[in-house]
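Structure record follows, encoded as structure tokens.
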Amino acid sequence: MTEEAAAAPAPLDEAEIARVRTRSRAAIIAGQVLAGVGMGSTMSAGALLIAEVSGSEALSGMAATMSTIGSAIAAVPLAALATRSGRAPALATGALVATLGAVVGIVAAVLGWTLLLLAGVVMLGSGTAVNLQARFAATDLSEPGRRGRDLSVVVWSTTVGAVLGPNLIGLGDTVGQLLGLPPLSGVYLFTIAAQAAAVVVYLVWLRPDPLRLATRIGLERAPATDAAPREADANGVATGMVATSLSHATMVAIMAMTPVHLVSHGASLGLVGVTISLHVFGMYAFSPLWGVLADRLGREVTIAIGQVLLLGALLLLAAGSESELWVAVGLFLIGFGWSAASVAGSTLITESVGVVDRARIQGRSDLLMSTAGALGGGAAGLVLAQLGYGGLALASTALAAIVLGALIARAARPRPTA
């Protein structure tokens, strides 16, 4: 036996791969729940804290913008780190940066420095980048027929944080004031604790690293598995990126302007909260359904269903913009359609490249998605001022039409073979 053969690790059997797959999925879901609780509470209070520290309500909208910018900035570096060192270091690093962002936020609130607070919100945006990368991490060891379902379960786990996080604002404020912190800054303590716990989960539980193990499997079994080097489906990558980014831009544009529209028409803050909660419920709660459909009906078909839902919701919002009930229903359907496009589009991107290039391409996808969301949210205010809420909804139908056009173009092109 040669020295090289003696040093080589023993080939993995299916039972071992299944065990690691289960352990990895549990670790990723646990990290998502922890991070979601922290991010949900902080992002909900972020706008209020910025207004409190700056003394200007006009700056409160910068919370979502700066967080999105932070997510976009972190996307590619975290993907590069995953390619070089594995998923665990990348996810843990992003969660650690978000932890430090929460610390910066508390310091900024104590000092009353608005610019420092905005910098902290940018750092917190790396937590969103981790959220996006985690859904891809869930598919590293997936069997081809279960990628959609594995990805969707991680997306679904975000529901816990999205629902529980905002309800911690009051408790966080109480705890913070007991510790002598400025109003509204206490909720950042929950973010620090939750994100720090997520760092530990990723570094301790996410072993063996799923991305590095997937690469090893590809080398051992080439060319029998799709983890082996092969011709990338560039059109599949492009179609998935168009679907996820434009659907995200549509969702952010409508969601960001809905509270403004409702309040300007006399709706109570309680009604606004219920409407947004329904929207978030539609975004995450049904993602396992879309994962199953993406696996059974196909990625492209599920993306198309999502676009039809988005188009129907936008037309409903355009026609019923003066009705609080129809606005709530329409916003729920926006989240429902976004979920279909996000789950199926992300799955299509993942399976369109080999494992060696997967994290890098996924990082570019997350960058494009976050950038599209930032541009959509920024442009929505201008469109709302000129065309009104109904006009914004009608204008947004163009984005869904572009995605449907991309799907038609993909159907007309030949697919690459292994």
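Some points to look at:
Table: residues versus (1) buried (at least 21 other Cβ atoms within 10 Å of the Cβ); (2) at pLDDT below 85; (3) assigned to a helix (DSSP H, G or I).
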site	(1), (2), (3)
L100	no, no, yes
G105	yes, no, yes
L117	yes, no, yes
L132	yes, no, yes
G148	yes, no, yes
T158	yes, yes, yes
I169	no, yes, yes
Y188	yes, no, yes
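- Single residue of the range 33-59 satisfying the filter (more than 17 Å from Q195 (Cβ to Cβ) and at pLDDT below 70) that is surrounded by the most Cβ atoms within 10 Å (Cβ to Cβ): A47
- Within the range 301-329, the set of residues being more than 17 Å from A398 (Cα to Cα) and within 23 Å of the chain's Cα centre (by Cα) comprises V301, T302, A328, V329.
- Residue in the range 143-159 that is closer than 30 Å to A51 by Cβ and in contact (Cβ under 8 Å) with a residue 40 or more places away in the chain present: yes
- Candidates L333, L309, L293: the one that is touching a residue at least 60 places away in the same chain (Cβ under 8 Å) and in a helix (DSSP H, G or I) is L293.
- Sole residue being at pLDDT below 95, closer than 21 Å to E300 by Cβ and part of a helix (DSSP H, G or I), chosen from R415, R360, R364: R364
- Among the criteria (1) at pLDDT below 75; (2) farther than 21 Å from L368 by Cβ; (3) of a type in the set (A, V, I, L, M, F, W, C); (4) buried (at least 18 other Cβ atoms within 10 Å of the Cβ), the one A64 does not fulfil is (2).
- Evaluated against (1) among the polar types (S, T, N, Q); (2) modelled with pLDDT under 90; (3) surrounded by fewer than 24 Cβ atoms within 10 Å (Cβ to Cβ), S85 falls short on exactly one condition, (2).
- Every residue from the range 341-395 that is within 20 Å of W290 (Cα to Cα) and either free of Cβ contacts under 8 Å to residues at least 12 places away in the same chain or among the aliphatic types (A, V, I, L, M) (or both): A341, V343, A344, L348, I349, M369
- The range 242-282, subset modelled with pLDDT of 90 or more and among the hydroxyl-bearing types (S, T, Y), residue nearest to S370 (Cα to Cα): S245
- Residue in the range 229-239 that is surrounded by 24 or more Cβ atoms within 10 Å (Cβ to Cβ) and either modelled with pLDDT under 90 or part of a helix (DSSP H, G or I) (or both) present: yes
- The range 340-354: number of residues that are of a type in the set (V, I, T) and either outside any helix (DSSP H, G or I) or on the phi > 0 side of the Ramachandran plot (or both): 1
- Within the range 277-296, the set of residues being within 20 Å of N131 (Cα to Cα), among the small types (G, A, S), crowded, with 18+ Cβ neighbours inside 10 Å and more than 15 Å from the chain's Cα centre (by Cα) comprises G291 only.
- Residue match in the range 262-269 (condition: polar (S, T, N, Q), part of a helix (DSSP H, G or I) and over 20 Å from L333 (Cβ atoms)): yes
The values are calculated or read from the model by the stated rules, or taken from the named source; none is laboratory data. Everything quoted here is computed from the prediction, not taken from an experiment. We place every Cβ from the backbone using ideal geometry, glycine too, and count neighbours over all the protein chains shown.
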